[in-house]
Amino acid sequence: MPFTGRTNIAVISSFHTMQSDLPSFISSLMPSIQTVLIDLADRSYPIEIGAALLGSADIYVGLPAAAAALIVTNTTVAPLYADALRAALAPKYAQVHLVALPDGEEHKNWQTLNLIFDALLQHGCDRKTVLFALGGGVIGDMTGFAAASYMRGVPFVQVPTTLLAQVDSSVGGKTAINHPLGKNMIGAFYQPQLVVCDLATLDTLPARELSAGLAEVIKYGPIADMDFMGWLEDHMDDLLARDRAALAHAVRRSCEIKAWVVGQDEREAGLRAILNFGHTFGHAIEAGMGYGAWLHGEGVGAGMVMAAELSRRLGLVDEAFVARLKVLVQRAGLPLRGAVLDAADNAGRYLELMRVDKKAEAGEIRFVLIDGPGRACVRAAPDALVREVIDACCAG
Ligand code: NAD
Ligand code: GLY
């Protein structure tokens, strides 16, 4: 059933406190680590957050035993972090294999996914083999999907190395590849065993990618936690300067909110759709411009502005709220205006692409809207109004 209610800040806030008290085996070993638990009965797992974690063998001690591990990474991340991860896994797994995929959203497809299966089969990997996704959201989504389907399911671990992946894509078990007709259209819900957010990896992230990650951080404010939005306003400069303490707080709070949402609605029967604030417009930009032209987070940045503007035109938020969001999006270094996808009928092209969105029902597009600051809802909107928003919010 679609989510028609509102998010509840009070519940999410109390969850925050509960999470802080959770005992963690890993944290007891390494006290500078913060742990957020994804609470999903027998599919529960910890998100470990701290600096220089991925090269520490202690982090991996509780994982399932296996003869082999396969690190799945890409040609950009492998030279930076694969050796450290390989060394940390060596005490636990007799064989640690590696496959480095081509880098980029345009490679998030069947052909590249098949390279993971090739590696697994060529190395004779059995059904206990543990996959390690070392990289950003593209690697995480593809590795998760490979883990879900190789021999009908093998364990996997997320080692996210982008801000976007640490605050969103590595958490919650959504895995997918793209189809030329739609983003993330082929995939599975499949939870990792563990998420290792090593904040030190963010030191090497290009500035544009850091900004893209901030889009997914910002979204948690309007949909769930206006105190967090205020904190982001106070600390945006620190985040852009990669202040470690500020990044730790942003990653932790984002994961807490996501953990609460996923804990209520793992397979997006309703509530979980609020995590897609800005994504309906954003996915249309990514697909319409050709995957890789706009970064995912850039589409989400402009998409949040468009969704907030639609919310305003539906009378759900005021002008001041939209202006406040725009300032934050701009300060994060993200685009404020959507791309022109079709010079002749731009709004028509957006509508066409948005009808392929996974939230659409019987061809009716459903938008994540802001229903008052800190509250989200999911609902349809008249095409004419959506056209007005697209015309008002796109460049050109
Ligand atoms: P990405 O995976 O393409 O990584 C961005 C770039 O940064 C790549 O070039 C990568 O090689 C490079 N990189 C990664 N870590 C680095 C590091 N530490 N230092 C230097 N370079 C590094 O992009 P992303 O923004 O991480 O993820 C976007 C993807 O995530 C999209 O495909 C999106 O659909 C998906 N996503 C999934 C979910 C989910 O819930 N599963 C949520 C949000 C986004
Ligand atoms: N990033 C959206 C979700 O995990 O549901």
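Based on the reciprocal of the average 1/r between different C-alpha atoms, the Kirkwood radius for the stretch 328-396 equals 13.4 Å. Highest-first packing order for the peptide set 179-186, 167-174, 93-100 is 167-174, 93-100, 179-186, based on the mean count of other beta carbon atoms within 10 Å. For the residue pairs 174/359; 128/258; 92/128; 92/174, alpha carbon separations beyond 25 Å are given by 128/258; 92/174.
How about residue 326: which aspartates and glutamates have a C-alpha closer than 12 Å to its C-alpha, ignoring those fewer than 8 places off in the same chain? The reachable aspartates and glutamates, counting only those whose Cα sits under 12 Å from residue 326, are 233, 309.
Note on the stretch 49-130: Cα Rg divided by 2.2 N^0.38 Å, N the number of residues, gives 1.14.
Given in Å, the Rg to one decimal and the Dmax to the nearest whole number for the Cα atoms of the stretch 126-284 are 15.5, 50. Can you work out D for the stretch 162-224 in µm² s⁻¹ from Stokes-Einstein, where Rh is the Kirkwood radius over C-alpha pairs, the temperature is 10 °C and the viscosity is 1.306 mPa s? The Stokes-Einstein estimate is 120 µm²/s. Debye-formula intensities of the stretch 48-196, expressed as log10 I(q)/I(0) at q = 0.08, 0.17 Å⁻¹, are -0.18, -0.87 (one equal scatterer per alpha-carbon, no solvent). Using only alpha carbons, the stretch 269-396 has a radius of gyration to Kirkwood radius ratio (Rg to Rh) of 0.93. Take every Cα pair under 8 Å whose residues are at least 6 apart in sequence, average their separation, divide by the length of the chain, and the relative contact order is 17 percent. In the calculated pair distance distribution of the chain, what percentage of Cα-Cα distances lie above 32 Å? I get 30 percent for the Cα pairs in the chain exceeding 32 Å. In angstrom, the C-alpha Rg and Dmax of the stretch 61-109 are 12.3, 35. Just how many % of Cα pairs in the stretch 257-330 lie over 21 Å apart, if you round to the nearest whole percent? Percent of Cα pairs beyond 21 Å in the stretch 257-330: 39. Summarising the strand pairing of the chain, around 40 percent of its internal DSSP beta bridges are antiparallel. Summing Lys and Arg as +1 and Asp and Glu as -1 over all other residues whose Cβ lies under 15 Å from the Cβ of residue 206 gives a net charge of -3. Within the same chain, aspartates and glutamates fewer than 8 places from residue 358 are excluded, and of the rest, those with a Cα less than 12 Å from its Cα are 268. The ellipsoid equivalent to the alpha-carbon distribution of the stretch 225-275 has semi-axes of 26, 11, 8 angstrom, derived from the gyration tensor eigenvalues as √(5λ) and listed largest first. Using the average count of surrounding beta-carbon atoms within 10 Å as a protection proxy, the listed peptides 352-361, 205-214, 282-291 rank, highest first, as 282-291, 205-214, 352-361. Of the three principal axes defined by the Cα atoms of the stretch 116-182, the extents in descending order read 33, 29, 18 Å. Look at 103, 243 and count the other Cβ atoms within 10 Å of each Cβ; fewest to most, that gives 243, 103. Volume per residue for the stretch 190-297 equals 125 cubic angstrom (convex hull of Cα atoms).
Rule-based calculations on the coordinates, nothing more; no lab input. Note that this is a predicted model, so its numbers are computed, not measured. Heads up, the Cβs are rebuilt from the backbone with ideal geometry, glycines too, and the neighbour counts pull from every protein chain shown.
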